[in-house]
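Contents: one structure, followed by commentary.
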């Protein structure tokens with residue numbers, strides 16, 4: 001599966017989940033998925049490990065759920081950047097730390 005196919009799969013999955021929301025915006029969702037994939041790729045340090053495109057594509061699918069969750073979190077936080085909680089009309093929301101969504105993603109290292 002290519003990186004673009006993974007992105008499309010995640011966008012499709014989240015679109016099904018979010019399409020009933022009257023404020024749903026697919027362009028914003030696509031941007032959030034792109035950003036999440038880029039963050040995971042940076043965190044894995046593929047460039048530093050000199051991974052080929054084929055190696056990246058083989059490895060990044062292991063982080064599909066992380067990418068999906070990061071994308072959904074970021075999409076739902078749109079317009080509420082940097083808030084840790086929100087209260088409006090008697091509704092209270094607290095947000096977990098975004099950093100927790102990266103649990104399990106470890107940088108690639110080479111043993112010397």
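Here, each number is a calculation from the coordinates, and none is a lab measurement. These numbers were taken from a predicted model, which means no experiment stands behind them. Cβ sites come from the backbone with ideal geometry, for glycine too, and all protein chains shown count toward neighbours.
Could we say that residue 97 is surrounded by 10 or more Cβ atoms within 10 Å (Cβ to Cβ) and either over 20 Å from residue 1 (Cβ atoms) or touching a residue at least 40 places away in the same chain (Cβ under 8 Å) (or both) here? In short, no. Restricted to segment 26-61, and to residues that are under 16 Å from the mean Cα position of the chain (by Cα) and free of Cβ contacts under 8 Å to residues at least 12 places away in the same chain, which residue is farthest from residue 106 (Cα to Cα)? Once the filter is applied, the top-ranked residue is 27. Which of the residues that make up segment 100-112 are in a loop (DSSP other than H, G, I, E, B) and surrounded by 10 or more Cβ atoms within 10 Å (Cβ to Cβ)? Listed by number, the residues that qualify are 105, 106, 107, 108.
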